[in-house]
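First up is the structure itself, then whatever we jot down about it.
The values are calculated or read from the model by the stated rules, or taken from the named source; none is laboratory data. As the structure is a prediction and not an experimental result, all values here were calculated from the model. Here the Cβ is made from the backbone with ideal geometry for all residues, glycine too, and neighbour counts use every protein chain on show. For the accessible areas, the whole protein counts, side chains as well, though only heavy atoms, and no ligand, DNA or RNA atoms are used. Shrake-Rupley method; radii C 1.70, N 1.55, O 1.52, S 1.80 Å.
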Amino acid sequence: MESLSCLVLKPATPTRLFGSRLSQTAASGSAMFLPSLGFPSSMDYQLPRTTAKRYLKLTKASSSAVPATPSTTTNVTNTTTAVSTKKVLVPIGFGTEEMEAVILVDVLRRAGAEVTVASVEPQLEIQASGGTRLVADTTISTCSNQVFDLVALPGGMPGSARLRDCEILKNITSKHANEKRLYGAISTAPAVTLLPWGLLRRKRTTCHPAFFDKLPKFWAVKSNIQVSGELTTSQGPGTSFIFALSLVEQLFGESVAKEIAELLFMHSADDRPRREELNKVDWAVDHTPHVLLPVANGSEEIEVVTIIDILRRAKVDVVVASVEKSVKVLASQGVKIVADKLIGDATGSIYDLIILPGGVAGAERLQKSRILKKLLKQQDASGRICGAVCSSPAILHKHGLLKEKKATAYPSTIREPSNVVDGPMVVIDGKLITSRGLATVSDFALAIVSKFFGHARARSVAEGLVFEYPRS
């Protein structure tokens, strides 16, 4: 039997990074944090500070790279030039930050990259830092002899320490960096994983603010994203979109990155208001809010994982229920997610809010679920809250639950223009909340936090995400 070169330990409870109470937990072995001082390379550049959901003006393109033809119609295609697919490795472990991992995988696959999600654990299924269960494509040992165009490390604790302690991943990444290939890390991964491996030498670097003091001071940069030669680093879940888009631009070129940004609704703050609320009512409850998130094969993984992650950070009780025959679902860009239970087993509880994620194929399967339809009808009849993003407001419309309600959605998915509010990223009408989806879902989830707990709680969660959020 092939022996695993990754250190196998009983994992500790994942550490979440909250606003003013940011975790000061760093990986063990602080003696390994040895700064390598020197003058920065003139090739280093820093992208302007921006919010993670805004459109990214990309500044350094690879003119020779052309995207390969993708497997789905939601990806960017190139029909004039055929080149080998860009290969990307995204390793995950127990306690990996799910938003960072999933946004990386989703965005890179949309650009046409062949992304391998590899587990550094003995098993393929891992529990991420917010409790989301993800299933890797393979184990890291199968990647040892492969050549990748990019190795991108998500953060999260203890996920970054699990990556650091995997000898196979260390060897892959070190060899990759020595060959001057692209590599990147976000959140805790620059300080906890790359620094002990010696892969930050003479590189300007950023990371999550809670771990910033671990970086060599001369090279540390307080920026949402930093590109220094082959290395790209970023700060947290709230900057994951601009991190992923920067990597897309370096692999495929500026035009591809711009197309992906438009698909994701990465509009500037001046283009659209964040949120509009009509028929304002109080959502506050005298207990921990109980939320149901149904999922299906084809659900959009960014939306599913972002909603779970942000709501659980705010201490909301989130139940993920599969409408399939199995708790394991294959999301729209190939990410494998394990639900908490089947939808039939979720019917015995009362939910303060039911949220429908998007994804065209996933929305169609959600709409066909008789159990979910009954739950939605009961939710509406009882005067409780419903939410939907991307293509899923159409489900509420088809079930007759948008009558005399205003909503927003992915363009063209609602055929009744009188229902649609064109402009805001998030629309709240009484006890209905909707969003355009994808990059607007962080605002959607934070709006829910604000409605349940108040603006201060939403601000605190946003701070932990490194996501720019209004002060009032």
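Assorted remarks:
- Only protein atoms count toward the accessible area here, which uses a 1.4 Å probe; on segment 181-275, the carbon and sulfur part of that area reaches 44 percent.
- The trypsin sites (Lys or Arg not before Pro) of segment 227-301 that meet both conditions, a loop assignment by DSSP and at most 13 other Cβ atoms within 10 Å of the site Cβ, are Lys280.
- Given their separation in residues at 0.36 nm each and the Cα-Cα distance between them, His287 and Ser472 gain 64.1 nm when the chain is fully extended.
- Relative contact order (%) - criterion: Cα under 8 Å, at least six apart; region: segment 291-345: 41 percent
- Length released on extending from Ser382 to Leu278, taking residue separation times 0.36 nm less the Cα-Cα span: 35.4 nm
- Residue list for segment 295-311, given a label point 7 angstrom along the Cα-to-Cβ vector of Lys325 and an amide N cut-off under 19 Å: 295-299
- Links that overshoot a 26 Å alpha carbon limit, given the list Lys328/Lys431; Lys180/Lys336; Lys325/Lys377: Lys328/Lys431; Lys180/Lys336
- Protection-proxy order for peptides 220-226, 331-337, each taking the mean of Cβ atoms within 10 Å per residue, highest first: 331-337, 220-226
- Segment 86-161 - accessible surface per residue (Å², probe 1.4 Å): 21 Å²
- Computed as a quarter of the hull surface, the mean projected area of the alpha carbon convex hull for segment 135-260 stands at 7.8 nm².
- Per residue, the accessible area of segment 163-217 comes to 36 Å² when a 1.4 Å probe rolls over the protein heavy atoms.
- Cα-based shape type of segment 108-199, given that a ≥ b ≥ c are square roots of the gyration tensor eigenvalues and the cut on a/c is 1.5: rounded
- Probe 1.4 Å, protein heavy atoms only - accessible area per residue of segment 390-450 in square angstrom: 32 Å²
- Within segment 372-472, GluC sites (Glu not before Pro) in DSSP loop having at most 12 other beta-carbon neighbours inside 10 Å: Glu404
- Computed in the context of the full set of protein chains, the accessible area of segment 333-440 at 1.4 Å probe radius has 48% of its extent on carbon or sulfur.
- Highest mean first, the peptides 233-241, 158-166 sorted by other C-beta atoms within 10 Å per residue fall in the order 233-241, 158-166.
- Cα-Cα over 20 Å, subset of Lys315/Lys405; Lys341/Lys368; Lys374/Lys406: Lys315/Lys405; Lys374/Lys406
- Most to least packed among 434-442, 137-145, 201-209 [average Cβ atoms within 10 Å]: 434-442, 201-209, 137-145
- Once both labels are positioned 7 Å from their Cα atoms along Cα-to-Cβ, the gap between Ser349 and Lys315 label points is 1.8 nm.
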